[in-house]
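Okay, so here's the structure we're looking at.
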Amino acid sequence: MTRTWHIATVTDAARARIGTARLAAAYGVPAVERTRLTAALSAHLRQCLTKGGTWRLDLETAATPSGNGLLRAVVTPCDEPDPGGRPPWDMAVACGPCADAADPGPAEDDPQTLAEGLLGADEDTALVLEKLGEQELLVASHREELDQTNQGVLALHAELDAAGQAQRELFAAEREARTEAETARRRLTFLADASAVLTASLNHDEIVRRLEGLLVPEYARSVDVWLFGDGDGDGAEQDSPRPAAAVVAARSGRPQYAADHPGGLPGVDDQPPSALHPSVPVLCVPLGTRREPLGVLILSPAGARWDADDAVMLIELTRRAGVAIDNARRFEHNRDIAETLQRALLTDLPTTPGLHLAARYLPATHGLNIGGDWYDAFRQPDGSLITVIGDVTGHGLRAAVMMSQLRTALRAYAVDGGTPGQLLTRLHIFLHHLQPDLYATAVIARFHPDDPTLTWAAAGHPPPVLRTPDGQVHTLDAKPGAMLGIPLEQKILDHTVTLTPGSTLALYTDGLVERRAQGIDPGIQRLAAALGTFESADLDADLDGSADRLLSPLLHDSERDDDVCLLLCHLHSRAAELARTPVKLAF
């Protein structure tokens, strides 16, 4: 079906509009779509009338493949194409099946038809307005939901921001706590390591040097250790000027901080700036123990000032350094006493024409430097010269006292005469009954003025080494006795060897030749090789110097954890009468 209107006036346009509305209603176009079609058509026709001329409206119906209908309105100019060159106006709306629709016929111009058309348009408009109201309510509802959603989103964002801020603050607090923990761990590690370094030495001067190396430059720019000497008392007497705060610290026993600003350091008293260096803060910490003050540690900060925790750590380190210095001083004092006692127990070698003696005793560098190594040389009533070297097991005063008792007992036994083996046998019995839990080793060599024969005996001791005038070196390793004092009945045998002028006998303790990683035999071989490098003339001229030169290469690899004792016995090669038999030694 096609219906056509020619439109040149407003009345024509109204008639075409009414006809379109009636036809759309007849074909079942929904009111909203009908109103949209008629409103759009009215607006377009108004534009056409404004342009002038006659316009044609074609209203067509057609069926769709689905069985429904389609109502289409097309507006074209009747006289000539659209001056604007635009395509025809075209609009289509869905309608019911075209076959079932009844054609309402052309609209009449009578008033009743126009009124019906006007009322129908108002009804459609009211329906559209009703739909618009419903849509407005729906939009308002959606808008309210959207506002609520936005408020919820804003609240969620606020909560997320608050949670994020709380998380950032938590992370910051965690980082700060981790940094503080790491700093505290670093301080504790430094304190432990520094304490180990300070207590590893028993030399107080070395401890002072190590203290400065530990603190500069991380914790202090400069370190001055003021140690009180004998008679310094509370530090009033001093060789060089010290900050007044150091004197206050020495007298009060409390740390002092001297600067032009308060230090705020826990446990530290504030003092005016030092007159020596007014612009430099100074921390003065007493060095000492509960018994007596030892000195004052004077520090200047590495930066502008000290952190409070660093100051606490420095005060604790100073306390430990004071203990280490006190222990070192006490050790040095006891070591000097022990060394004096040890050397007092050693014998001044007798001067004997034709037979030169040289002895060296080197205490161990660890411990109290007192042990059981000893040597002795003395004459028997028959004119023989007894030389002996021995070693009491262990270290300390007990070993030194036992060594002294053995030396005294040997001299007492030798007054009654007796060979080296007989003397060692008596010492064995004496030690076993006197100190059952102490043992000793010894070698005794006897030189007789009327006999060129050397008589010797050993009890668990490294064998003597004999250098002959031709430079050959022999180890006198004939069967020795067991150690002195062991729970065993034994009779120690004598051994003899013929001496010629220029011969040198070396008696020694195991500290000279024994090394933990090698044992004792390689050390004895090194001693023999070193003794063989000497010339008889050198031994004649300077036996003491020869003893020093002999020790030097043998001790370069020693840890010096044991005493070293050496006794050289040299027959002068210029004694021509010693070449005859019998030999007459001028003892």
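The values are calculated or read from the model by the stated rules, or taken from the named source; none is laboratory data. Everything numeric here is computed off the predicted structure, so don't read it as measured data. Don't worry about glycine lacking a Cβ; one is built from the backbone with ideal geometry, like all the others, and counts go over all protein chains shown.
From 553, 487, which residue is over 30 Å from residue 448 (Cβ atoms), at pLDDT below 95 and outside any loop (DSSP other than H, G, I, E, B)? Let's see the steps before the verdict.
On the way: 487 fails: outside any loop (DSSP other than H, G, I, E, B).
553 is the lone residue from the list that is over 30 Å from residue 448 (Cβ atoms), at pLDDT below 95 and outside any loop (DSSP other than H, G, I, E, B).
Is it the case that residue 431 is surrounded by 22 or more Cβ atoms within 10 Å (Cβ to Cβ), in contact (Cβ under 8 Å) with a residue 60 or more places away in the chain and assigned to a helix (DSSP H, G or I)? Don't jump to the end; show me each part of the working.
Values: surrounded by 22 or more Cβ atoms within 10 Å (Cβ to Cβ): yes; in contact (Cβ under 8 Å) with a residue 60 or more places away in the chain: no; assigned to a helix (DSSP H, G or I): yes.
When the stated conditions are applied, residue 431 does not pass them.
Just to be sure I understand, how many residues within segment 175-201 are of a type in the set (Val, Ile, Thr) and under 16 Å from residue 324 (Cα atoms)?
Keep residues of segment 175-201 that are of a type in the set (Val, Ile, Thr), which gives 179, 183, 189, 197, 199.
So of that shortlist, the ones also under 16 Å from residue 324 (Cα atoms) come out as 197, 199.
Adding up the residues that qualify gives 2.
Given the residues 199, 179, which is the only one that is within 22 Å of the chain's Cα centre (by Cα) and within 30 Å of residue 328 (Cα to Cα)?
After ruling out the rest, the residue left standing is 199.
Determine whether segment 267-275 contains at least one residue that is modelled with pLDDT of 90 or more, surrounded by fewer than 12 Cβ atoms within 10 Å (Cβ to Cβ) and over 24 Å from residue 316 (Cβ atoms).
The answer is yes; a qualifying residue exists.
Residues checked against (1) in a loop (DSSP other than H, G, I, E, B); (2) in contact (Cβ under 8 Å) with a residue 24 or more places away in the chain:
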{"residue": "154", "(1), (2)": "no, no"}
{"residue": "164", "(1), (2)": "no, no"}
{"residue": "172", "(1), (2)": "no, no"}
{"residue": "177", "(1), (2)": "no, no"}
{"residue": "190", "(1), (2)": "no, yes"}
{"residue": "229", "(1), (2)": "yes, no"}
{"residue": "246", "(1), (2)": "no, yes"}
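Given the residues 93, 74, 32, which is the only one that is surrounded by 15 or more Cβ atoms within 10 Å (Cβ to Cβ), at pLDDT 90 or above and in the same structural domain as residue 12 (by TED's automatic domain parsing)? Quick ask: steps written out before the conclusion?
Working: 93 fails: at pLDDT 90 or above; 32 fails: at pLDDT 90 or above.
That would be 74, the only listed residue that is surrounded by 15 or more Cβ atoms within 10 Å (Cβ to Cβ), at pLDDT 90 or above and in the same structural domain as residue 12 (by TED's automatic domain parsing).
Can you tell me how many residues in segment 504-518 are assigned to a strand (DSSP E or B), more than 16 Å from residue 442 (Cβ to Cβ) and either modelled with pLDDT of 90 or more or among the hydrophobic types (A, V, I, L, M, F, W, C) (or both)?
Residues of segment 504-518 that are assigned to a strand (DSSP E or B), as a first pass: 504-508, 515.
Remaining after also requiring more than 16 Å from residue 442 (Cβ to Cβ): 504, 515.
From the residues that got through so far, the ones that are either modelled with pLDDT of 90 or more or among the hydrophobic types (A, V, I, L, M, F, W, C) (or both) too are 504.
Of the residues in that region, 1 qualify.
Hey, among the residues in segment 536-549 that are out of contact with any Ser or Thr (no Cβ under 6 Å at 6 or more places or on another chain) and touching a residue at least 40 places away in the same chain (Cβ under 8 Å), which one's surrounded by the most Cβ atoms within 10 Å (Cβ to Cβ)?
Looking at residues that are out of contact with any Ser or Thr (no Cβ under 6 Å at 6 or more places or on another chain) and touching a residue at least 40 places away in the same chain (Cβ under 8 Å), I get 546.
For the subset of segment 385-398 comprising residues that are surrounded by 21 or more Cβ atoms within 10 Å (Cβ to Cβ) and not β-branched (Val, Ile, Thr), which member is nearest to residue 453 (Cα to Cα)?
390
Condition check ((1) surrounded by 15 or more Cβ atoms within 10 Å (Cβ to Cβ); (2) touching a helix residue (DSSP H, G or I) at 6+ places or on another chain (Cβ under 9 Å); (3) over 22 Å from residue 520 (Cβ atoms)) across all residues:
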{"site": "416", "(1), (2), (3)": "no, no, yes"}
{"site": "421", "(1), (2), (3)": "yes, no, yes"}
{"site": "437", "(1), (2), (3)": "no, no, yes"}
{"site": "441", "(1), (2), (3)": "yes, yes, no"}
{"site": "456", "(1), (2), (3)": "yes, yes, no"}
{"site": "481", "(1), (2), (3)": "yes, yes, no"}
